[in-house]
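Undergrad: If you scroll down you'll find the structure; I have some questions about it.
The values are calculated or read from the model by the stated rules, or taken from the named source; none is laboratory data. The structure presented is a predicted model; accordingly, all values stated were derived computationally and were not measured. Positions of Cβ are generated from backbone atoms using ideal geometry, with glycine treated the same way; all protein chains shown enter the neighbour counts. Accessible surface is based on the protein model in full, side chains and every heavy atom, while ligands, DNA and RNA are left aside. Shrake-Rupley method; radii C 1.70, N 1.55, O 1.52, S 1.80 Å.
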Amino acid sequence: MMMKIKAQLAEAILGGVLSIAPDCGMDAEGVQTLLEYPPDPAMGDIALPCFKLAKTLRRSPVQIASTLAPLVAGDCIERAEAVNGYLNIYLSGAYLANALIPEILEKKEKYGAPDFGKGKTVVLDYCSPNLAKPFHIGHLGTTVIGHSLKMLHEFAGYKCVGINYVGDWGTQFGKMMVAYKKWGDRQTVEEGGVDALVDLYVRINNAIADDPSLADEARAEFCKMEQGDEENLALWRWLVEKSIKANDVTLKQLGINFDSYKGESAYTELMPAQVQKLRDQGLLKIDDGASIVDLEQYGMPPCLILKRDGSSLYPTRDIAAAVDRKEMYDFDKCIYVTSNQQILHFQQWFKVVELMGYDWYEGLVHVPYGTVSVNGAKLATRTGNVVLLKDLFAAAIEKVTEIMEEKNPALKGREDIAEAVGVGAIVFYYLSNNRIKDINFNMEDALSFDGNTGPYVQYTYARACSILEKAADEAKATENVTVTTPQERALCIVLSQYEEKVRMAIRDYEPSVITRYILDVATAFNRFYHECSIFGAEDPAVKASRLALTEATKHVLGSAFGLICLRKTEKI
Ligand code: ARG
């Protein structure tokens, strides 16, 4: 909606610009990119910083603003003012409301969906933990950023394939086998679940630190696996299944499921063909016995393809997997979400894919994110200094349950709601920052019901729902929406920006755009709710309009929640 308005505005401004300088060569699109949302509504709903045109028009910003002000007009514009070199534009509340609210009420949670993804496919590789190792807070980023990107792309019409490329092959299984054979048994693992597995993992790593010969034993066990030893493979299959099941419990709490779990082990068979191709193309070099692709020309260290003993490596499997995915899904984009420690790895093998002549290399996208610490402490999986995701969620749920028992003792179905709010709080907190920033996790902050938190926005959603429930039999304006107060206007303006935010989030692979937008909507709605009485409105038209605004807010919030793995809470 706001995009249409901006386009209209840009046309009007362009008219003014061309009347000053007919040959300046600007077009409406160029003008549109200059428009800004002022930080304070007193400075208009949209502003044009005229210093950006000063060079082109060879005039001062102040002159430009005052020349343009009287020329900018249109249905959507109430007035335009020139202030200190800015052109501040105030939109017509009535126009906005009537163009916007009926559209939202009709499209409901589909309102704001762009359609540029229609007919295109995106593969998303995210979560992808190494199995048999703890599933911990460090995996939160890839999991929730990855899933949000999937939801965002689906919203824009893409066909999406979510792949949990599990690390189900590697020396960690050799270690686990040594540990299991030494200390484990079926029953303990069956009963103890993840915790039992984590115990074994931590115990063996500590033991290796004391006695390095155990590391050789672990390598030997893994070697047996690679050579097809049935006993070890059976144990491996069982460990893989246990780990995936355990992780799925946590993923389910987030409402996440995957279309495929095809992991690293699947590529042992598909790799040799790619290695052969590299060899045939003369791209492989032998370096100290290992096979590498030299990337010096591109300013990168070599990409390792085969170890000295001929066994394959992480990049090799990624290359084989990308070829396989292209064949299976014919993707337009294949997105990988991992921590920023893997930036070089992706740059390297993307380059190798390009050198191999695969023209689809341009569709490969790496989306990195910053590291997480908890209350200031760095995490180390091997020593057991980790916060498991399941424990983090459990702690959050417990805390929320306490708060809810205090605030709303009569609430029904509390368990389910506490899970939605507890897990939601963590997701929201995590996705509040730009993904590339390192974050320090602070539980107190995340769970607060005040401030810019998940509980606050879910509470706002519940508020909108309860108003609508109370007004179930009352009329809601589907046309002739009246907007009389600044709070109503401000709410309309925020709601009108949804599609633009969705596009930005997709363009920058940045779910935090949506998180921040949700806060804007919640804040605007709460201001409206406090300042504009809904049930106390005397004029029935005003009341019907306010109910319509409430319903529109509910749809936009509900839709946006879905984009960032936040559950909708009708009641809290
Ligand atoms: N399993 C890897 C890790 O835990 C992440 C895999 C990311 N995806 C990929 N295709 N490389 O570090």
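Undergrad: Scan region 489-505 residue by residue and report those that are surrounded by 22 or more Cβ atoms within 10 Å (Cβ to Cβ) and within 14 Å of ALA156 (Cβ to Cβ).
TA: TYR498, VAL502, ALA505
Undergrad: Starting from residues that are among the β-branched types (Val, Ile, Thr) and not in a helix (DSSP H, G or I), keep the ones in region 321-345 and report whichever is nearest to the ligand (Cβ to nearest atom).
TA: The selected residue is THR338.
Undergrad: Within 16 Å of the ligand (Cβ to nearest atom), under 26 Å from the mean Cα position of the chain (by Cα), more than 27 Å from LYS159 (Cβ to Cβ) and open to solvent by less than 40 Å² (accessible area, probe 1.4 Å): does that describe GLY363?
TA: Here the answer is no, as GLY363 does not meet what is asked.
Undergrad: Determine if region 215-224 includes at least one residue that is at negative phi, open to solvent by less than 70 Å² (accessible area, probe 1.4 Å), in a loop (DSSP other than H, G, I, E, B) and not hydrophobic (A, V, I, L, M, F, W, C).
TA: no
Conditions tested, residue by residue: (1) over 23 Å from ALA560 (Cβ atoms); (2) loosely packed, with under 15 Cβ neighbours inside 10 Å; (3) at pLDDT below 90; (4) under 23 Å from the mean Cα position of the chain (by Cα).
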| position | (1), (2), (3), (4) |
| --- | --- |
| VAL400 | no, no, no, no |
| LYS407 | yes, yes, yes, no |
| GLU419 | no, no, no, yes |
| VAL423 | no, no, no, yes |
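Undergrad: Then there is this: Given the conditions (1) over 28 Å from HIS555 (Cβ atoms); (2) away from the ligand (no atom under 16 Å from the Cβ); (3) part of a loop (DSSP other than H, G, I, E, B), report the number of the one that ASN88 does not fulfil.
TA: With respect to (1) over 28 Å from HIS555 (Cβ atoms); (2) away from the ligand (no atom under 16 Å from the Cβ); (3) part of a loop (DSSP other than H, G, I, E, B), ASN88 is out only on (3).
Undergrad: So which residues in region 17-40 are assigned to a helix (DSSP H, G or I) and out of contact with any strand residue (DSSP E or B) (no Cβ under 9 Å at 6 or more places or on another chain), if there are any at all?
TA: Passing the criteria: VAL17, LEU18, SER19, ILE20, ALA28, GLU29, GLY30, GLN32, THR33.
Undergrad: May I pose another question? For region 304-320, which residues satisfy the criterion of being hydrophobic (A, V, I, L, M, F, W, C) and within 13 Å of the ligand (Cβ to nearest atom)?
TA: LEU313, ILE319, ALA320
Undergrad: Could you please let me know if MET300 is in a helix (DSSP H, G or I) and more than 10 Å from the ligand (Cβ to nearest atom)?
TA: Judged against the criteria, MET300 is not a match.
Undergrad: Still on this structure: Of all residues in region 173-197, how many are under 17 Å from VAL386 (Cβ atoms), in contact with a Leu (Cβ under 9 Å, 6 or more places away or on another chain) and open to solvent by 20 Å² or more (accessible area, probe 1.4 Å)?
TA: The total comes to 3.
Undergrad: Looking at (1) open to solvent by 10 Å² or more (accessible area, probe 1.4 Å); (2) more than 9 Å from the ligand (Cβ to nearest atom); (3) modelled with pLDDT of 95 or more, which is the only condition SER148 fails?
TA: (1) is the only condition that SER148 fails.
Undergrad: Oh, and also: Within region 311-320, is there a residue that is small (Gly, Ala, Ser) and in a helix (DSSP H, G or I)?
TA: So far as region 311-320 goes, yes, one or more of its residues are small (Gly, Ala, Ser) and in a helix (DSSP H, G or I).
Undergrad: State all residues of region 403-418 that are closer than 13 Å to PRO455 by Cβ, touching a helix residue (DSSP H, G or I) at 6+ places or on another chain (Cβ under 9 Å), part of a helix (DSSP H, G or I) and not small (Gly, Ala, Ser); if no residue qualifies, say none.
TA: ILE403, MET404, ILE417
Undergrad: May I pose another question? Within region 346-360, take every residue that is outside any helix (DSSP H, G or I) and open to solvent by 10 Å² or more (accessible area, probe 1.4 Å) and give me the one that is nearest to the ligand (Cβ to nearest atom).
TA: By that ranking, first place goes to TYR358.
Undergrad: To continue, here is another question. With respect to PHE135, is the statement that it is crowded, with 21+ Cβ neighbours inside 10 Å and more than 11 Å from the ligand (Cβ to nearest atom) true?
TA: So PHE135 does not fit the description; no.
Undergrad: Of the residues ALA94, ALA99, ALA69, only one is part of a helix (DSSP H, G or I), of a type outside the set (Phe, Trp, Tyr) and farther than 29 Å from ASN480 by Cβ; which?
TA: ALA69
Undergrad: Next question. Can GLY167 be described as open to solvent by less than 40 Å² (accessible area, probe 1.4 Å), within 24 Å of ASP391 (Cβ to Cβ) and at pLDDT 95 or above?
TA: Yes.
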